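Note sheet for the following structure.
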Amino acid sequence: MVDAVSMVFPDGTKALDKVTLAIKPGEFVSLIGPSGCGKSTLLRIAAGLESHTSGDVWVDRDSLGYTFQDATLLPWRKVLANVELLMELRGFDPAERRRIALEQIELVGLSGFENHYPRRLSGGMKMRASLARSLALNPAVFLFDEPFGALDEITRERLNDELIALYTVQKFTGLFVTHSIPEAVYLSTKVVVMSKRPGRIVASFDIAFPEPRSPELRYSSGFAEMCGEISLALRNAMEG
Amino acid sequence: MAKSPRKLAVERYLAKPLAARPGLSQRLAAALLPPLLMGVLVVIAYIWTRSGLETHRQFLMPTLEGLWTRAFSKPEVLGQLFNAAVTTLSIALAGLAISIPIGMLLGVVMFRFRVMERAIFPYLVALQSIPIPAIIPLLQSALGFGFLPKVLIVALFTFFSIPTTLLLGLKSVDRSIIDLFRLQKAGWPTMLIKAGFPSAAPTLFAGLRISAGLAVIGAIVSELFFLSGPGGLGQMLINAKIDFKYEQMYAALLVSSVLSISVYLLFSWLGNRLFSEWHESGGR
Ligand SMILES: Nc1ncnc2c1ncn2[C@@H]1O[C@H](COP(=O)(O)OP(=O)(O)O)[C@@H](O)[C@H]1O
Ligand SMILES: [Mg+2]
């Protein structure tokens, strides 16, 4: 998917150094690394929002979902119109997009809030609306840039479970950037650790817990052990 | 030596039960009493200043009953005031009808093409720095004394804040919202209409409010230079002076300020209607 990609910004900032990352269809990979190591940059390159300076990228950009660090809802549109936005831009027929939007709103548990403006929603609800908006296009590949980073722990765990439920239904391939190790382990089939800038992949862990994951997993000793190992790798990455 | 625990000055905070919502009359009083009292003070100051004037100069400040008997109670003066206000208002609105679309177009062009921003912006600032009354004689020589030059003067008065606030608003559109549109390969007209304008609208309206207030001022200033054509409030001011009808002059002054405030309030109200539900500046 991404092969030996390097990225140097015009101002000389070297953000990525020969990153190679292949994600197979159906995999859910989490990317974890020190702040400022180039994780967002990698996602932006994968999505075509930024051009890389060397290397190769293969992504199916037509069926791409993307969530940003903040929910990025249009504040002047109500929830329903926000969820319809991407379909509108893709030229879906109005009745069709209304139907899909209502379906997705129900799926993320926002029924009853269709006519609320974003500023009246909590952080978690905004993120749900944002997820619904992306899911409405039924993406085959879904890129997440620290979507739950700004939420409190309780909301985050709830949304993790909801994301797993959505993933089970819609079967997208995921690349998930996070700075929470438990979140990465809980969600993913694979966790990849990046070094500090310029970002390189320094470690990769297969997470073999059975799917679909359930909340009990969080309290198992295997889970804690896995988190510990990744924590150590991340620490080495910060120093080296 | 073990530290002894520091002495604390504990204070008791009293609970503050939710006060009952004040009744309508109380709220009205709270809203209206301060400006009313201030108004009474102003009137007293006016009367006091007048009484300090030498008698032969007291005509400069008509009495309240004079204002009533010689202006506001006379149907023909009222009719004149009304017609003048309509004329002034139509000049002001026609001026806005020119400056708003052209200003917005310019704002969009400057936003879309950085070169155009570099090319145009300095001249906008230069235009803003010209004292507009100073070019009115030139406009008269070029365009005569009809409706059009007055409208152009209003357009000049009100122009500056429109392209500048729109440009500022368009530039402040959330970066990730733009990325969101780019991910769907939306073209720039789509982005402009679906993201740019709605997002810039509150900023633009702040500019429109300023322009709206200036429009009435511009219309009156323009009339001071033109004593022909259907008379507006500005013309009435000058004629009243020539005829020594100071009561009518004050009446025209009052109506001008009411007009200016109304146009400002109209745009404020419109802005509130449009944005209060979603914008942070909106009502509670
Ligand atoms: N447009 C840009 N121009 C220059 N430097 C940038 C730009 N965008 C990001 N950077 C730099 O690239 C590095 C990686 O950024 P980013 O990918 O956002 O990191 P993170 O891993 O925290 O998501 C940071 O040091 C950041 O300052
Ligand atoms: Mg980031």
Every listed condition ((1) assigned to a loop (DSSP other than H, G, I, E, B); (2) in contact with a Leu (Cβ under 8 Å, 6 or more places away or on another chain)) holds for B:Glu11 save (2)
Q. Within the range A:147-161, is even one residue modelled with pLDDT of 90 or more and in contact with a Cys (Cβ under 6 Å, 6 or more places away or on another chain)?
A. no
B:Phe181 passes all but one of the listed conditions (1) touching a residue at least 24 places away in the same chain (Cβ under 8 Å); (2) within 14 Å of chain A (Cβ to nearest Cβ); (3) outside any loop (DSSP other than H, G, I, E, B); the exception is number (1)
Exception for A:Leu42 within (1) more than 24 Å from A:Gly123 (Cβ to Cβ); (2) open to solvent by 50 Å² or more (accessible area, probe 1.4 Å); (3) within 16 Å of ligand 2 (Cβ to nearest atom) falls at (2)
Scanning the range B:59-75 for residues that are open to solvent by 30 Å² or more (accessible area, probe 1.4 Å) and either outside any helix (DSSP H, G or I) or at pLDDT below 85 (or both) gives B:Phe59, B:Leu60, B:Met61, B:Thr63, B:Leu64, B:Glu65, B:Trp68, B:Thr69, B:Arg70, B:Phe72, B:Ser73, B:Lys74
Selection from the range B:215-250 of residues within 16 Å of B:Val86 (Cβ to Cβ) and surrounded by fewer than 19 Cβ atoms within 10 Å (Cβ to Cβ) yields B:Gly229, B:Pro230
When restricted to B:Met249, B:Met236, B:Met191, the only residue within 14 Å of chain A (Cβ to nearest Cβ) and of a type outside the set (Gly, Ala, Ser) is B:Met191
Only unsatisfied item for B:Val43, checking (1) surrounded by 10 or more Cβ atoms within 10 Å (Cβ to Cβ); (2) over 20 Å from B:Gln248 (Cα atoms), is (2)
Residues of the range B:159-178 being part of a helix (DSSP H, G or I) and within 14 Å of chain A (Cβ to nearest Cβ), in sequence order, are B:Gly169, B:Arg175, B:Ser176, B:Ile177, B:Ile178
Going through (1) part of a helix (DSSP H, G or I); (2) within 14 Å of chain A (Cβ to nearest Cβ) one by one, B:Leu139 fails only at (2)
(request) Inspect the range B:204-226 for any residue being touching a helix residue (DSSP H, G or I) at 6+ places or on another chain (Cβ under 6 Å), within 14 Å of chain A (Cβ to nearest Cβ) and in contact (Cβ under 8 Å) with a residue 40 or more places away in the chain and give the result as yes or no. (result) yes
| query | Does the range B:92-106 include one or more residues that are out of contact with any strand residue (DSSP E or B) (no Cβ under 7 Å at 6 or more places or on another chain), surrounded by fewer than 14 Cβ atoms within 10 Å (Cβ to Cβ) and over 25 Å from B:Phe205 (Cα atoms)? | reply | no
Among (1) open to solvent by 30 Å² or more (accessible area, probe 1.4 Å); (2) outside any helix (DSSP H, G or I), A:Arg213 falls short only on (1)
Taking the range A:161-203 and the residues there that are among the hydroxyl-bearing types (Ser, Thr, Tyr) and within 16 Å of ligand 1 (Cβ to nearest atom), the one that is farthest from the other protein chains (Cβ to nearest Cβ) would be A:Ser195
Only unsatisfied item for A:Asp62, checking (1) more than 16 Å from ligand 2 (Cβ to nearest atom); (2) at pLDDT below 90; (3) in contact with a helix residue (DSSP H, G or I) (Cβ under 7 Å, 6 or more places away or on another chain); (4) within 12 Å of chain B (Cβ to nearest Cβ), is (3)
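This table checks each residue for (1) open to solvent by 10 Å² or more (accessible area, probe 1.4 Å); (2) within 16 Å of ligand 1 (Cβ to nearest atom); (3) without any contact (Cβ under 8 Å) to a residue 24 or more places away in the chain.
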| site | (1), (2), (3) |
| --- | --- |
| A:Cys37 | no, yes, no |
| A:Ala46 | no, yes, no |
| A:His52 | yes, yes, no |
| A:Val57 | yes, yes, no |
| A:Leu64 | yes, no, no |
| A:Thr67 | no, yes, no |
| A:Leu73 | yes, no, no |
| A:Ala81 | yes, no, yes |
>> Regarding the range B:191-198, can at least one residue be identified that is under 25 Å from the mean Cα position of the chain (by Cα) and open to solvent by 10 Å² or more (accessible area, probe 1.4 Å)?
In response: yes
Within the range A:107-143, of all residues that are open to solvent by 30 Å² or more (accessible area, probe 1.4 Å) and among the basic types (Lys, Arg), the one nearest to the other protein chains (Cβ to nearest Cβ) is A:Arg119
Only unsatisfied item for A:Arg158, checking (1) more than 16 Å from ligand 2 (Cβ to nearest atom); (2) open to solvent by 40 Å² or more (accessible area, probe 1.4 Å); (3) within 14 Å of chain B (Cβ to nearest Cβ); (4) closer than 23 Å to A:Ile32 by Cβ, is (3)
ask   = Can you find a residue in the range A:72-89 that is closer than 25 Å to A:Arg156 by Cβ, within 15 Å of ligand 2 (Cβ to nearest atom) and at pLDDT 85 or above?
value = yes
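The values are calculated or read from the model by the stated rules, or taken from the named source; none is laboratory data. Keep in mind the model is a prediction, meaning the values are calculated, not measured. Cβ coordinates were reconstructed from backbone atoms using ideal geometry, including for glycine residues, and neighbour counts include every protein chain displayed. Heavy atoms of the whole protein, side chains included, go into the accessibility calculation; ligands, DNA and RNA do not. Shrake-Rupley method; radii C 1.70, N 1.55, O 1.52, S 1.80 Å.
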